[in-house]
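J.: Quick one: this structure, given as structure tokens, is what I'll be asking you about.
The values are calculated or read from the model by the stated rules, or taken from the named source; none is laboratory data. In this text the structure is predicted, and so the values were computed from the model without any measurement. With ideal geometry, Cβ positions are generated from the backbone for all residues, glycine too; neighbour counts draw on all protein chains shown.
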């Protein structure tokens, strides 16, 4: 067995049994569900009490139609109306400022949740004010906006001598069903949501893996340098074997974690019957995911090899993480136009290859030569970075109390 495989096996088995790893393996999905699913569940749950909303209707013709529209569209689980409108027009108040003051007092006394101010020029300005202590309830505001828009549209149609019911019947909404075509002419039903989630899921998993395991990789290298046992290790195997084994072992550890989480997501997807992931391109995406992570891991180890302290490691890993997550900035552009020449060119740049190819594959499968070329570039870059990490580490062992400059590191690689 190659010595680096022995190192990789030891690194993996020693860390996979730790309580920290096992805790993170199971606790992270729970945290994601609590912080991801629970807020959504709470935000979308129906109201349990009717809300009283005041209305200052200066047009004098909308409040009844608006109440009817809200009653038709929104009800509580027990069948009661979700919103009750209260006409705040009062003969005691002759000016708009007096009505606003009255409305503000009603809100302060909690007699109403808030109030709508519909001006006389609504049909020209298309502007309605909603005044409340809580203007962050986007769901209520959207409901009021859509209902008022429908009522105003119906009023305008009637003024033009048209039948709103007939116009609504004739104004049929069109749904576009997307069919993805392969190079061979095959068809696959695929929506934007499925494509977007497939690409972004793997990108976020890759970035998450870099964030969580990058610090571990660098610290592991520093521990090897500061531990006296390093002399025995280097005498038993080469520095390159040690670094390659460390990269492969810790990469396998991170991939085990991600694989477990992905298995949970796949089971949930299959059980729910909602095809959120495009499984047709999954094998090729996994290839880029695996090679991309090994490449990034090798970069972390190469950067950590000349460092000597935990403080330096923390500083450098922060800068490195920012650089490695920058490819996400190209995500939306790549989704909109994956065949752009500059996107194809950047796909051969190793730092961007995993991200851009994972984005492009679910949308429009690149030609075979691009796939072979980018995989070759990524594989060669990973091998080079592992070799470089080993050489830098071998010479960095001899330096204590001084961080080498970039020029010195380049000189080391030339001499290696």
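J.: For residue 406, only one of the following conditions fails: (1) modelled with pLDDT under 85; (2) surrounded by fewer than 16 Cβ atoms within 10 Å (Cβ to Cβ); (3) farther than 22 Å from residue 243 by Cα. What is its number?
T.: With (1) modelled with pLDDT under 85; (2) surrounded by fewer than 16 Cβ atoms within 10 Å (Cβ to Cβ); (3) farther than 22 Å from residue 243 by Cα applied to residue 406, the lone miss is (3).
J.: Let me ask you something else. Quick check on segment 260-272. Is at least one of its residues closer than 20 Å to residue 350 by Cα, at pLDDT 75 or above and touching a helix residue (DSSP H, G or I) at 6+ places or on another chain (Cβ under 9 Å)? Step through it out loud before you land on a result.
T.: Taking segment 260-272 and keeping what is closer than 20 Å to residue 350 by Cα, we get none.
No: segment 260-272 contains no residue that is closer than 20 Å to residue 350 by Cα, at pLDDT 75 or above and touching a helix residue (DSSP H, G or I) at 6+ places or on another chain (Cβ under 9 Å).
J.: Also: Looking at segment 327-349, which of its residues are under 26 Å from residue 298 (Cβ atoms), in a loop (DSSP other than H, G, I, E, B) and within 22 Å of the chain's Cα centre (by Cα)?
T.: 347
J.: Shifting gears a bit: Just the residues that are under 22 Å from residue 48 (Cβ atoms) and touching a strand residue (DSSP E or B) at 6+ places or on another chain (Cβ under 7 Å), please, taken from segment 68-97.
T.: 70, 71, 74, 75, 81, 82, 83, 84, 85, 86 - these are the residues of segment 68-97 that are under 22 Å from residue 48 (Cβ atoms) and touching a strand residue (DSSP E or B) at 6+ places or on another chain (Cβ under 7 Å).
J.: Does segment 357-378 include one or more residues that are modelled with pLDDT of 85 or more, within 21 Å of residue 205 (Cα to Cα) and out of contact with any helix residue (DSSP H, G or I) (no Cβ under 8 Å at 6 or more places or on another chain)?
T.: no
J.: Do we have any residue at all in segment 336-343 that's closer than 18 Å to residue 381 by Cβ, touching a helix residue (DSSP H, G or I) at 6+ places or on another chain (Cβ under 9 Å) and assigned by TED's automatic domain parsing to the domain that holds residue 388? Break it down stepwise before answering.
T.: Just the residues of segment 336-343 that are closer than 18 Å to residue 381 by Cβ, to begin with: none.
No; the residues of segment 336-343 include none that is closer than 18 Å to residue 381 by Cβ, touching a helix residue (DSSP H, G or I) at 6+ places or on another chain (Cβ under 9 Å) and assigned by TED's automatic domain parsing to the domain that holds residue 388.
J.: Take segment 379-403 and flag every residue that is over 30 Å from residue 289 (Cα atoms) and modelled with pLDDT of 85 or more.
T.: Let us first name the residues in segment 379-403 that are over 30 Å from residue 289 (Cα atoms), namely 395-403.
Hits for segment 379-403: nothing passes.
J.: Within segment 360-378, identify whether any single residue is within 21 Å of the chain's Cα centre (by Cα), within 27 Å of residue 248 (Cβ to Cβ) and surrounded by 14 or more Cβ atoms within 10 Å (Cβ to Cβ), and answer yes or no.
T.: yes
J.: Now a separate question. Which numbered condition in (1) within 23 Å of residue 46 (Cβ to Cβ); (2) in contact (Cβ under 8 Å) with a residue 40 or more places away in the chain is the only one that residue 149 fails?
T.: That leaves (2) as the condition not met.
J.: For segment 162-169, state whether one or more residues are at pLDDT 90 or above, surrounded by 12 or more Cβ atoms within 10 Å (Cβ to Cβ) and out of contact with any helix residue (DSSP H, G or I) (no Cβ under 8 Å at 6 or more places or on another chain). First the steps, then the outcome.
T.: So the first thing to find is which residues in segment 162-169 are at pLDDT 90 or above, and the list is none.
Checking segment 162-169: not a single residue is at pLDDT 90 or above, surrounded by 12 or more Cβ atoms within 10 Å (Cβ to Cβ) and out of contact with any helix residue (DSSP H, G or I) (no Cβ under 8 Å at 6 or more places or on another chain).
J.: Here's a follow-up. Taking segment 21-46, which residues are modelled with pLDDT of 75 or more and in a helix (DSSP H, G or I)?
T.: The answer is 21, 22, 23, 25, 26, 27, 30.
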